[in-house]
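A.B. asks: So that we are looking at the same thing, I have put the structure below in structure tokens.
The values are calculated or read from the model by the stated rules, or taken from the named source; none is laboratory data. These figures come from a predicted structure and were not determined experimentally. In this analysis, Cβ positions are derived from the backbone assuming ideal geometry, glycine residues included, and neighbour counts consider all displayed protein chains.
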Amino acid sequence: MDGVRIDKYLWAIRAFKTRTEATDACNGGKVKIAGTNCKPSRPLRIGEVIEVRKGMAVYTYKVLAFLEKRVGAAAVPDYAENLTPQSELDKLRSPVETFFVRRDRGAGRPTKKERRTIDALWDSLDSDEG
């Protein structure tokens, strides 16, 4: 086998769920070989290093062997070596607290339950005055 298309290879080693996603990533400039963007039809050579940007992280794979069909996750290390540094994987585990804003009790608008309590209090004060 002379080489395999990069989009087909990335799909086969499970870097992308579908071949369409792999093709779109290549067309979108998210797949690079030797720092250069590559088209989906670019043939691969054994020993090349592929960089794939997915979200905030950049995954790095080294081509060990070619394959035409998608393989199980257990067989992937026979065809591609994952060279992704731990620092890139840590980007995926960013702290959850930065994404969610917490409101201290009593700050901001009242909750529905608190609003009902306030309304009941006002109603009882109005009935006492009249």
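A.B. asks: Out of all the residues in the range 52-83, which are surrounded by 11 or more Cβ atoms within 10 Å (Cβ to Cβ), over 18 Å from residue 4 (Cβ atoms) and not polar (S, T, N, Q)?
C.D. replies: 53, 54, 57, 58, 59, 83
A.B. asks: May I ask you to list pairs of residues, at least six apart or on different chains, whose Cβ atoms are under 7 Å apart, with the first in the range 71-92 being more than 10 Å from residue 57 (Cα to Cα) and the second being in a loop (DSSP other than H, G, I, E, B) and of a type in the set (D, E, K, R)?
C.D. replies: Cβ pairs passing all conditions: 73/14; 76/14.
A.B. asks: Check whether at least one residue in the range 18-29 is in a strand (DSSP E or B) and surrounded by 18 or more Cβ atoms within 10 Å (Cβ to Cβ), and report yes or no. Lay out the reasoning, then the answer.
C.D. replies: Filtering the range 18-29 for residues in a strand (DSSP E or B) gives none.
Within the range 18-29 (the criterion being in a strand (DSSP E or B) and surrounded by 18 or more Cβ atoms within 10 Å (Cβ to Cβ)), the answer is no, since none of the residues qualifies.
A.B. asks: For the structure I just gave you, tell me whether residue 34 is in contact with a strand residue (DSSP E or B) (Cβ under 8 Å, 6 or more places away or on another chain) and loosely packed, with under 11 Cβ neighbours inside 10 Å.
C.D. replies: Yes, satisfied.
A.B. asks: Being surrounded by 10 or more Cβ atoms within 10 Å (Cβ to Cβ) and either among the charged types (D, E, K, R) or at pLDDT 90 or above (or both) is the filter here; which residues of the range 84-106 pass it?
C.D. replies: First pass over the range 84-106, keeping only residues surrounded by 10 or more Cβ atoms within 10 Å (Cβ to Cβ): 84-85, 88-92, 94.
Of everything in the range 84-106, those that are surrounded by 10 or more Cβ atoms within 10 Å (Cβ to Cβ) and either among the charged types (D, E, K, R) or at pLDDT 90 or above (or both) turn out to be 88, 90, 91.
A.B. asks: If you don't mind, there's one more thing I want to ask. Please identify the pairs in which a residue from the range 24-47 that is modelled with pLDDT of 90 or more has its Cβ atom under 6 Å from the Cβ atom of a residue that is assigned to a strand (DSSP E or B) and buried (at least 16 other Cβ atoms within 10 Å of the Cβ), counting only partners at least 6 apart or on another chain.
C.D. replies: Matching pairs, first to second residue: 25/31; 31/52; 32/51; 33/50; 38/31; 41/5; 44/63; 46/63.
A.B. asks: Keeping to the range 42-67, report how many residues are within 14 Å of residue 15 (Cα to Cα) and among the acidic types (Asp, Glu).
C.D. replies: 1
A.B. asks: Give me the residue from the range 34-58 that is assigned to a loop (DSSP other than H, G, I, E, B) and touching a Phe, Trp or Tyr at 6+ places or on another chain (Cβ under 8 Å) and, out of that set, farthest from residue 16 (Cα to Cα).
C.D. replies: By that ranking, first place goes to 46.
A.B. asks: Which of the residues belonging to the range 59-75 are among the β-branched types (Val, Ile, Thr) and either assigned to a loop (DSSP other than H, G, I, E, B) or at pLDDT below 90 (or both)?
C.D. replies: Scanning the range 59-75 gives a single hit, 71.
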